[in-house]
Amino acid sequence: MEDKITIYQKPTCSKCRATLEILRDSGVEFESINYYETPLTEERIRDLLDKLNVPLRDILRKDEPLARDLGSVSDDALIKIMVENPDLIQRPIVVRGSKAKLCRPPENVKQLL
C-alpha cells in the first residue's frame, strides 16, 4: 500500500496516543491532524464515513452528555452538530487511500499498514 496515511486524533486521548505509537513504530510516514485545532468539516466527516463504510451513528461517542439528546436528530443535523462539537466523534480515525479504520482498539491501525 503506497497511499498516504492520515490520523485524525486528539492528543489527550489515550487510544490516539497508542495508535500514534503503533504508527511511529511501524516506520511509515503519516500525517497527524488534531481535529480540535483543525476542525473537521461536514464534507470531511462524510468522506470519512464513506471510507469507514459505517453508518454515522457508529462514530458517535454515545457516552458524551450531548449525545444523549440526539436520538431523533437527522443524520444531516447530526453531522452539523459534530462539526461544532468534536467531542461527539469517536477517535482516532486513520485513513489510507480509500480505506479508513476507527482505531478502537488501537491495533485496528495494523489493518492499514
Near Pro105, within a Cβ-to-Cβ distance under 14 Å, what is the net charge of the other residues, with Lys and Arg +1 and Asp and Glu -1?
+4
Computed for the chain: size of charge dipole around the Cα centre, +1 on C-beta of each Lys and Arg, -1 on C-beta of each Asp and Glu, debye to nearest 20, value 340
Consider the candidate values (i) 38; (ii) 24; (iii) 42; state which one is percent of Cα pairs over 23 Å apart computed from the structure displayed.
(ii)
Relative contact order for region 5-112, counting Cα pairs under 8 Å that sit 6 or more residues apart, in percent
38
May I ask you to list the residues of region 70-113 whose amide nitrogen lies under 15 Å from a point 7 Å from Cα along the Cα→beta-carbon direction of Arg46?
75-83
With everything on Cα atoms, drop me the angle between helix 75-84 and the longest principal axis of the chain, reported from 0 to 90° to the nearest 10.
70
Gain in span if fully extended, Lys99 to Asp58, counting 0.36 nm per residue against the direct Cα distance
13.2 nm
Which one of Cys16, Thr41, Leu56 is farthest out on the positive end of the charge dipole of the chain, using unit charges on Cβ (Lys, Arg +1; Asp, Glu -1) and the Cα centre as origin?
Cys16
Net charge near Ile45, counting Lys/Arg +1 and Asp/Glu -1 over other residues with Cβ under 12 Å of its Cβ?
-3
Which value in nm describes the separation of the simple spin-label points at Asn108 and Glu29, placed 7 Å from the Cα toward the beta carbon?
2.7
Please determine, in degrees from 0 to 90 and to the nearest 10, the orientation of helix 42-52 with respect to the longest principal axis defined by the Cα atoms of the chain, where the helix direction is its Cα long axis.
60
Please work out the FRET efficiency for the pair Asp75 and Arg17, using the Cβ-Cβ distance as r and a Förster radius of 35 Å; give the result to the nearest 0.05.
0.70
Add +1 for every Lys or Arg and -1 for every Asp or Glu among the other residues with Cβ under 12 Å from the Cβ of Gln9, and state the total.
+2
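Rule-based calculations on the coordinates, nothing more; no lab input. Please read all numbers here as calculations on a predicted model, not as lab measurements. Glycine gets a Cβ as well: all are built from the backbone with ideal geometry, and neighbour counts include every protein chain shown.
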